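**Q** Structure below; questions to follow.
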Amino acid sequence: MTPHNRELADLTTLYEITKALASTDDLRKCLEAGLTVLAEYTDLKNGAITIVNPITGQIETEVALGMTAEARKRGIYKLGEGITGRVVANGAPIVVPRISQEPLFLNRTQARADKNQEALSFLCVPIKHGANTIGALSVDRDYREGIDFEKDLQFLTVLSGLIAQTVVRIQAVTQERERLEQENTQLRRELTEKYRVANIVSNSSRMQEVFEMIHRVADSNATILLRGESGTGKTMVAKAIHHNSRRAKEPFVVVNCSALPETLLESELFGHEKGAFTGAQTAKKGRFEQAEGGTLFLDEIGELSQNVQIKLLNVVQDREFQRLGAISPTKCNVRLITATNKDLEKAVEQGLFREDLYYRLNVFPIYLPPLRERRTDIMLLADFFLQKYNEENDKQIRRISTPAIDLLVQYHWPGNVRELQNCIERAVLICDEDSIKSYHLPPSLQTSESVSERNPVSFTAAVENFERELIIDSLKKSKGNQTKAAQMLDTSLRIINYKIAKLNINPRLFKVNK
């Protein structure tokens with residue numbers, strides 16, 4: 001073969017090998033494909049690629065044509081061991097004209113019969129990525145006098161560069177895939193932790209009953225009806241049920257039935273076909289389709305119109321629905337959780353809510369008690385929200401003062417947990433001290449009348465709360481010493497004693513017993 005013809009053949013071979021190396025992201029498969037092309041297009045046979053294991057530091061046979069998996073396992077070398085080990089250690093190619101005459105040739109894989117070694121030459125070049133040698137490429141060829149090994153080494157060096165790029169590319173893809181899988185696993189774990197029942201902040205007996213019911217129903221397909229006032233945590237309980245069920249990896253879709261008018265709600269729930277109504281320029285999936293395999297949470301179910309109630313009844317009964325404008329129904333596998341703060345029984349009596357739908361939805365009712373019926377949770381929740389908004393607003397508020405705690409515990413909380421959360425968030429935002437005081441709380445909590453009625457704020461009561469806060473804080477710092485407390489407040493002992501008596505404060509509570 002003339003030099004010109006050899007160059008063309010080499011270019012053709014490299015082109016075909018490049019295509020093989022780019023054919024897949026499976027490292028072993030693409031390297032095997034590349035060595036197969038090499039064997040088909042050249043006189044270089046028994047190609048093998050060894051890669052340095054970054055953990056053990058050993059040189060392991062990644063791919064070897066015609067070699068069994070058992071032989072490949074034997075093809076492991078230490079750095080500097082044998083021909084392959086020396087090539088990797090020194091980063092320079094080695095040619096063995098006759099492997100039968102080379103004591104360094106170990107034939108560790110036992111892939112070559114002794115009788116064939118006399119007529120074989122062995123060529124090994126390093127696989128480099130930048131300045132680092134990451135492995136070696138080795139081949140056999142039939143020995144004959146006058147072979148130009150230099151040409152073979154040049155060709156193999158170019159090929160080793162292509163292999164290096166492939167190894168680095170696929171390793172990077174593999175590492176990124178593993179990173180994403182770990183991240184995804186972590187996110188799923190965090191999501192599960194976030195909505196685990198144990199993470200719903202409560203130690204009241206009323207909520208323990210709710211937790212027990214959640215555990216009992218989570219893995220079933222029963223339709224659940226969450227009852228309770230607005231702000232009691234119905235959405236959070238619905239999420240906890242979903243994320244503790246077998247459907248946890250599937251979608252959790254929420255629809256607020258009171259937020260959309262009837263015409264839009266029907267399309268939102270069941271979807272529509274193109275041209276089903278004016279403006280429907282494309283087909284749209286409804287929330288039932290979006291929640292396929294998972295859970296659909298319908299909040300404020302008591303706000304549904306009669307027309308939508310009928311269609312929802314069909315879905316609950318037959319497990320199928322029909323898009324607006326569609327000819328045939330669509331089957332669905334969706335776990336349904338509904339919630340309401342309305343008296344559905346009264347709505348049924350008044351003809352506002354279908355009786356048959358009510359019984360279909362009320363298979364497993366769970367009642368969430370209002371915050372005023374579980375007062376032991378108030379401070380647990382307040383401390384939880386304090387920590388949450390401390391972190392969000394980069395603040396270091398350490399505690400809630402005693403007078404502020406009294407106001408929180410005595411208040412009737414018509415807005416339940418949501419109102420408490422908003423209350424603590426507001427207090428954190430306006431507080432520039434190390435503790436939340438009573439005057440940081442909303443005006444609705446500042447009067448004793450607010451415990452039972454929604455009366456206008458009393459200026460006198462607000463001032464008394466402020467004075468009580470200051471005096472108690474001073475007595476704590478002075479360990480119950482009224483004289484020192486008066487000095488701290490820059491007033492007289494007579495005035496302090498008068499205020500202590502008027503506000504019914506007991507200084508003895510703040511003395512330190514020795």
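Only the coordinates and a few stated rules stand behind these numbers; no lab work does. Values in this document were obtained by computation on a predicted structure and should not be read as measured data. Note: ideal-geometry Cβ built from the backbone for every residue, glycine included; neighbour counts use all protein chains shown.
**Q** Please compute, over every Cα-Cα pair in the chain, the percentage with a separation greater than 45 angstrom.
**A** 52 percent
**Q** Listed here are the pairs 388/511; 234/342; 476/502; 477/511; 285/342; 285/311; which of them are more than 21 Å apart at the Cα?
**A** 388/511; 285/342
**Q** In whole Å, what is the distance between the alpha-carbon centres of the stretch 374-411 and the stretch 11-73?
**A** 64 Å
**Q** Where in the stretch 287-310 does the label zone of residue 262 land, with the point 7 angstrom along Cα→C-beta and an amide N cut-off under 11 Å?
**A** Correct set: 304-310.
**Q** Would you mind checking the radius of gyration and Dmax of the stretch 3-175 based on alpha-carbon positions, in Å?
**A** Cα radius of gyration and Dmax of the stretch 3-175 are 15.2, 47 Å respectively.
**Q** Can you give me the angle between helix 205-217 and the longest principal axis of the chain, using Cα atoms only, in degrees from 0 to 90, rounded to the nearest 10?
**A** For helix 205-217, the angle is close to 40 degrees.
**Q** How long are the three semi-axes of the equivalent ellipsoid of the stretch 197-369, in whole Å, if each is the root of 5 times an eigenvalue of the C-alpha gyration tensor, listed from largest down?
**A** 28, 18, 14
**Q** Sticking with this structure for a sec: Mean residue ellipticity at 222 nm from the helices of the chain, using -39,500 (n - 2.57) per DSSP H segment of n ≥ 4 over the full residue count, to the nearest 500 deg cm²/dmol?
**A** -14500 deg cm²/dmol
**Q** Roughly how tilted is helix 27-41, in degrees to the nearest 10 and between 0 and 90, from the longest Cα axis of the chain?
**A** 20 degrees
**Q** OK, next. Kindly write out, for the stretch 55-64 in residue order, the coupling ³J(HN,Hα) from the Karplus curve 6.51 cos²θ - 1.76 cosθ + 1.60 (θ = phi - 60°), rounded to whole Hz, with x marking Gly and Pro.
**A** Along the stretch 55-64, the couplings run 8, 8, x, 7, 9, 10, 6, 7, 9, 8 Hz.
**Q** By how many nm would the segment from residue 215 to residue 497 lengthen if fully extended, with 0.36 nm per residue of separation less the alpha-carbon distance?
**A** 96.0 nm
**Q** Now, a different point. Can you give me the Cα centroid spacing of the stretch 79-105 and the stretch 136-153 in angstrom?
**A** Here the answer is 14 Å between Cα centres.
**Q** Enter the angle in degrees (range 0 to 90, nearest 10) between the Cα long axis of helix 149-194 and the first principal axis of the Cα atoms of the chain, meaning the one along which they spread out most.
**A** Compared with the principal axis, the helix lies near 20 degrees.
**Q** Right, another one. For 342, 239, what ranking results if the residue with the fewest other Cβ atoms within 10 Å of its Cβ goes first?
**A** The fewest-first ordering by Cβ neighbours comes to 342, 239.
**Q** Just want the ordering: 332, 423, 124, from fewest to most Cβ atoms lying within 10 Å of their own Cβ.
**A** 332, 423, 124
**Q** Looking at the chain, send over the antiparallel percent of its DSSP beta bridges, to the nearest 5.
**A** Within the chain, antiparallel bridges account for around 60 percent of the total.
**Q** Right, another one. Taking amide H positions as placed in the peptide plane 1.01 Å from N, state which residues far from residue 135 in sequence (5 or more) or on other chains have amide H under 5 Å from it.
**A** Here the answer is 52, 127, since their amide H atoms fall under 5 Å of that of residue 135.
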